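Participant: Structure below; questions to follow.
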Amino acid sequence: MRARRGGFTLIELLVAITILAFIAVLGWRGLDGIIRSRAALTSTMEQTRGLQLAFAQMQSDCEYLAATTLLRGRANLQVEDNRITLVRLVLAENQASRLEVVAYRVVDGVLTRRESSSTRDLLELDSLWQAALADTDPAVSVALQSGVRNMSMRYWIAGASAGGNSGWRAGAGVSTATGTQVFTAPQAPSAAPTGMEVSLLLQQQEVPLVKSLLLGAI
């Protein structure tokens, strides 16, 4: 009888190719999952880092909030949904203290910060304040965080200023016709808040990120 030659039959080759193809598909799906998870994790880390920097900047601005006594009764803080405007005290080494207006805005899903030029003239400060409220300040806005759906605030009122009941209040201060909250010494000296809570709701998230800030701690 003729000796049988070594090798694989066609059926054996087809089975081997099928197994290899199946293993390749499983490997590709696993690799694709790893790449997607890494991309999502990187995006989340960048978003978290951006929020940390934004909250750190807010904390610094709020701690240096200028006292209304220094402003001679002028407003030092005004907020609406997606808007914060405040007067910050600038303390530079070997220089006289100055004032500047800082504005936080959420526009088209981006949280921005803009600061005016610093001044020691209260009349000039009035002009800077009105320009900030009207968003006509020529200063360049700096983007702090993208993908922001909403920014809202509430305030901490101490017990002695709130009839003996300390707590967070959503409507503290003097309300204007536009729903803005304005805090000034003449209108409500005893109701001035000592803290502010900022909530940032990001896109594709249901729970906002919250940061509590001291007002005028410096």
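The values are calculated or read from the model by the stated rules, or taken from the named source; none is laboratory data. Predicted, not measured: the structure shown is a model, and the values here were computed from it. No Cβ is skipped: glycine too gets one built from the backbone with ideal geometry, and neighbour counts run over all protein chains shown.
Participant: Within the stretch 21-70, take every residue that is touching a Leu at 6+ places or on another chain (Cβ under 7 Å) and part of a loop (DSSP other than H, G, I, E, B) and give me the one that is nearest to GLY109 (Cα to Cα).
Facilitator: The extreme case among them is TYR64.
Participant: Which of the residues belonging to the stretch 91-109 are at pLDDT below 85 and surrounded by 13 or more Cβ atoms within 10 Å (Cβ to Cβ)?
Facilitator: none
Participant: Sticking with this structure for a sec: Do we find a residue being of a type in the set (A, V, I, L, M), closer than 30 Å to ASN150 by Cα, touching a Gly at 6+ places or on another chain (Cβ under 8 Å) and in contact (Cβ under 8 Å) with a residue 40 or more places away in the chain anywhere in the stretch 92-106?
Facilitator: For the stretch 92-106, residues of a type in the set (A, V, I, L, M), closer than 30 Å to ASN150 by Cα, touching a Gly at 6+ places or on another chain (Cβ under 8 Å) and in contact (Cβ under 8 Å) with a residue 40 or more places away in the chain: absent.
Participant: Of all the residues that make up the stretch 100-149, how many are assigned to a loop (DSSP other than H, G, I, E, B) and under 25 Å from LEU53 (Cβ atoms)?
Facilitator: 12
Participant: Limited to the stretch 192-218, what total is found for residues that are touching a Leu at 6+ places or on another chain (Cβ under 9 Å), acidic (Asp, Glu) and at pLDDT below 90?
Facilitator: Of the residues in that region, 0 qualify.
Participant: What pairs come up if the first residue lies in the stretch 1-14 and is on the phi < 0 side of the Ramachandran plot and assigned to a loop (DSSP other than H, G, I, E, B), the second is at pLDDT 80 or above and not acidic (Asp, Glu), and their beta carbons are under 9 Å apart, counting only those six or more places apart or on different chains?
Facilitator: PHE8/ALA16
Participant: Of all the residues that make up the stretch 164-191, how many are at pLDDT below 55 and either surrounded by fewer than 13 Cβ atoms within 10 Å (Cβ to Cβ) or assigned to a helix (DSSP H, G or I) (or both)?
Facilitator: Residues flagged as at pLDDT below 55 and either surrounded by fewer than 13 Cβ atoms within 10 Å (Cβ to Cβ) or assigned to a helix (DSSP H, G or I) (or both) within the stretch 164-191 amount to 8.
Participant: Now for a different question. Quick one: ALA40 ticks every box in (1) surrounded by 13 or more Cβ atoms within 10 Å (Cβ to Cβ); (2) at pLDDT below 90 except a single one, so which number is it?
Facilitator: It fails just one condition, (1).
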